[in-house]
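Contents: one structure, followed by commentary.
No lab work stands behind these numbers, since they all come straight from the coordinates. Note that this is a predicted model, so its numbers are computed, not measured. Here the Cβ positions follow ideal geometry from the backbone for every residue, glycine too, while neighbour counts run over all protein chains shown.
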Amino acid sequence: MNRLLDAIARVESRDNPAALGDMGRAVGVYQIHRSYWVDATKILRVDWDYGDARNPCKARQVVQAYLRHYGRGKTPIEMARIHNGGPRGHRKAATLAYARKIEQVLAGAF
C-alpha cells in the first residue's frame, strides 16, 4: 500500500502539499475533493476539517482508509483507479489513462 500511496502522490501533485487542481476543487498531495474527504473521514471515524486535506500525514491516512474500504480485494491499479474515479472508478474507462501513469511510476519510469 505504501508504494501505491507514494505513486498516487507523485502523479497527483508531484508530492506538493500546496497543490490545487480541478479549478481549486482538489487539494493537497493527493488532490482530494471535499466529498472524498467527508466519506473517508467517516470511514476513519475522525472529525477532521477539509482544510486538513492539505496536511500530507492526515491526507495519507484518509486515502489509505478510502482505498482499504472501497478497494478491498482489488489490485493496486484498481485501487488507484478508485482514488481517481470514486468507489466504482476501477470500472470507468475515464480512469484508464490515470492507471497507466500510476503503472509508470510503480515501474520507475515517471
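Out of the residues in segment 18-42 meeting the condition of being assigned to a helix (DSSP H, G or I) and of a type in the set (A, V, I, L, M), tell me which one is nearest to residue 78 (Cα to Cα). Selected residue: 40.
Among the residues of segment 17-26, are any within 19 Å of residue 1 (Cα to Cα), surrounded by 12 or more Cβ atoms within 10 Å (Cβ to Cβ) and touching a residue at least 12 places away in the same chain (Cβ under 8 Å)?
No, segment 17-26 has no match at all.
Say whether the condition of being within 15 Å of residue 31 (Cα to Cα), buried (at least 20 other Cβ atoms within 10 Å of the Cβ), among the small types (Gly, Ala, Ser) and within 14 Å of the chain's Cα centre (by Cα) is met by at least one residue in segment 89-108. There is no residue in segment 89-108 that is within 15 Å of residue 31 (Cα to Cα), buried (at least 20 other Cβ atoms within 10 Å of the Cβ), among the small types (Gly, Ala, Ser) and within 14 Å of the chain's Cα centre (by Cα).
When the test is whether a residue is among the aromatic types (Phe, Trp, Tyr), surrounded by 16 or more Cβ atoms within 10 Å (Cβ to Cβ) and under 18 Å from residue 7 (Cα atoms), residue 30 passes it. Residue count for segment 37-86, restricted to those that are within 15 Å of residue 99 (Cα to Cα) and out of contact with any helix residue (DSSP H, G or I) (no Cβ under 7 Å at 6 or more places or on another chain): 2. When restricted to residues that are outside any loop (DSSP other than H, G, I, E, B) and surrounded by fewer than 18 Cβ atoms within 10 Å (Cβ to Cβ), segment 65-75 contains 2. Take the conditions (1) in contact with a helix residue (DSSP H, G or I) (Cβ under 6 Å, 6 or more places away or on another chain); (2) closer than 23 Å to residue 105 by Cα; residue 34 misses just one of them, which is (2). The number of residues in segment 79-110 being outside any loop (DSSP other than H, G, I, E, B) and touching a residue at least 40 places away in the same chain (Cβ under 8 Å) comes to 8.
Within the option set 52, 15, being more than 13 Å from the chain's Cα centre (by Cα) and either of a type outside the set (Val, Ile, Thr) or assigned to a loop (DSSP other than H, G, I, E, B) (or both) holds for one residue only, 52.
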